[in-house]
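> Shown below is the structure under consideration.
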Amino acid sequence: MSLGKHLSKRLADGHVIPVLGFGTSAPPKVTESDVEEATERAISAGYRHIDTAYIYQNEKAIGRALQKKMADGAVTRDDLFCTTKVWSTFLRPELVRTSLEMSLKKLQLSYVDLYLIHFPVALKPGEEMVPKDAQGRVVSEQVDLRATWEAMEACKKAGLARSIGVSNFNCRQLELILNKPGLQYKPVCNQVECHPYLNQSQLLSFCRSKDIVLVAYGALGSDSGKTWRKRDDPVIKAIADKRGRTPAQVALRFQLQRGLVVLAKSFNEQRMRENLQAFDFQLTSEDMQSLEGLNRNWRYFPETSFRDSPNYPYFDEY
Ligand code: NAP
């Protein structure tokens, strides 16, 4: 099955995004060639939406995989939807385009489909992705996110990004952008952690009211030890058994039926294909209600490295 435009969602700026994306972040022990091969296999399996980021340090490997699949005729550039993100050390407005140009060079692309502000906290620019002071505290800095957003708009206007959006923003931070005087383009999406134990219902209804698509990451419980996936949550398992599906497929289907775009990372070919089959079945409204009832506001991504920043904690704020 190919996740072409029929399995896509229209964004507020008129572009379309495939509703199931291939996640590419992996622990440092995973080699560049593993990422490259996994991305090639994902495209062969049918994924068209590839999610990466400057900080994942895998853009070169992904670029090689994309080029290979385009060269062998499996896909064209138009078939692909490629997302990357500007990291926190590049949030000063004058650095946003530089970061995108570096990403594009590594990806061997002339534009990305979606460019996101990765995280709403700016860190001191420099070589270190997470700069620390002598006491080991993260060195953040004050950058007006509205100025960063204007630089994102300039990237879109220059044709380097088809769509622009944000990640890990709360409602207040979204409103800051939406209410910016002279706003030219609003964020088309907000990519956030979202799964049955963190269903983001409040943020989701806010985003719906503003025509901002919520993109779910960590939808399979990520690699964390305390996941429902590894613990086999009895409710998810019972629904999966009833429908003849796996818990992972139920978790992905749950997000699709709520109208989200969902990312799934697997470098294992069988699980990659299993995740694509989230399109082949329906959950009933009772199933959906039971899944909504599992929320317990559990985060697998506490972003502990940002705890010293003046903007932290912010996740659970409005
Ligand atoms: P995830 O997709 O929730 O889970 C990935 C884990 O689930 C991996 O350990 C994978 O192992 C396993 N898995 C995949 N399919 C499975 C299946 N069918 N059955 C059982 N286990 C399965 O985690 P994630 O990578 O943290 O999030 C997805 C993507 O979102 C990332 O790759 C990244 O692109 C993006 N992301 C964005 C942010 C942000 O701040 N914007 C943060 C985190 C992630 P195998 O590989 O061995 O199958």
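> Within the set of pairs 6 or more residues apart or between chains, which connect a residue that is of a type in the set (Gly, Ala, Ser) inside the range 265-281 to a residue that is more than 9 Å from the ligand (Cβ to nearest atom) with Cβ atoms less than 8 Å apart?
Ala278/Leu20; Ala278/Arg253; Ala278/Leu256
> Separate question: Within the range 122-144, can you find the residues that are within 16 Å of the ligand (Cβ to nearest atom), surrounded by fewer than 22 Cβ atoms within 10 Å (Cβ to Cβ) and within 19 Å of Val166 (Cα to Cα)?
Correct list: Met129 only.
> Testing Lys156 on (1) of a type outside the set (A, V, I, L, M); (2) at pLDDT below 95; (3) away from the ligand (no atom under 15 Å from the Cβ), one condition comes back false. Which one is that?
(2)
> A further question on this structure: Tell me yes or no: at least one residue of the range 179-195 is within 25 Å of Arg48 (Cβ to Cβ), among the small types (Gly, Ala, Ser), surrounded by fewer than 21 Cβ atoms within 10 Å (Cβ to Cβ) and more than 16 Å from the chain's Cα centre (by Cα). Lay out the reasoning, then the answer.
First, pick out the residues of the range 179-195 that are within 25 Å of Arg48 (Cβ to Cβ): 185-195.
With among the small types (Gly, Ala, Ser) added as a condition, the list becomes none.
No; the residues of the range 179-195 include none that is within 25 Å of Arg48 (Cβ to Cβ), among the small types (Gly, Ala, Ser), surrounded by fewer than 21 Cβ atoms within 10 Å (Cβ to Cβ) and more than 16 Å from the chain's Cα centre (by Cα).
> Could you say whether any residue in the range 24-41 is in a helix (DSSP H, G or I), in contact (Cβ under 8 Å) with a residue 40 or more places away in the chain and among the basic types (Lys, Arg)?
Yes.
> Sticking with this one: Pull up the range 194-231, narrow it to residues that are assigned to a helix (DSSP H, G or I) and either among the aromatic types (Phe, Trp, Tyr) or modelled with pLDDT under 90 (or both), then point me to the one that is farthest from the ligand (Cβ to nearest atom).
Going residue by residue through the range 194-231, those that are assigned to a helix (DSSP H, G or I) are 201-209, 228-231.
Remaining after also requiring either among the aromatic types (Phe, Trp, Tyr) or modelled with pLDDT under 90 (or both): 206, 228-231.
Details: Phe206: 18, Trp228: 11, Arg229: 6, Lys230: 8, Arg231: 12 Å.
The selected residue is Phe206.
Here's the yes/no breakdown for (1) within 16 Å of the ligand (Cβ to nearest atom); (2) out of contact with any Lys or Arg (no Cβ under 9 Å at 6 or more places or on another chain):
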residue: Gly244; (1), (2): yes, yes
residue: Pro247; (1), (2): yes, no
residue: Leu252; (1), (2): yes, yes
residue: Gly259; (1), (2): no, no
residue: Glu269; (1), (2): yes, no
residue: Met272; (1), (2): yes, no
residue: Leu276; (1), (2): yes, yes
residue: Glu286; (1), (2): no, yes
residue: Glu292; (1), (2): no, no
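> From the list Arg92, Arg64, pick out the single residue that is crowded, with 16+ Cβ neighbours inside 10 Å, within 23 Å of Asp144 (Cα to Cα) and in contact (Cβ under 8 Å) with a residue 40 or more places away in the chain. Don't jump to the end; show me each part of the working.
Values: Arg64 fails: within 23 Å of Asp144 (Cα to Cα).
Exactly one residue qualifies, and that residue is Arg92.
> Here's a follow-up. Determine which member of the set Arg243, Arg271, Arg253 is charged (D, E, K, R), surrounded by fewer than 23 Cβ atoms within 10 Å (Cβ to Cβ) and within 24 Å of Ile17 (Cβ to Cβ). So that I can check it myself, show each step before the final result.
On the way: Arg243 fails: within 24 Å of Ile17 (Cβ to Cβ); Arg253 fails: surrounded by fewer than 23 Cβ atoms within 10 Å (Cβ to Cβ).
Only one candidate passes the filter, namely Arg271.
The values are calculated or read from the model by the stated rules, or taken from the named source; none is laboratory data. All values derive from a computational prediction rather than experimental measurement. Note that each Cβ is placed from the backbone with ideal geometry, even for glycine, and that neighbours are counted across all protein chains shown.
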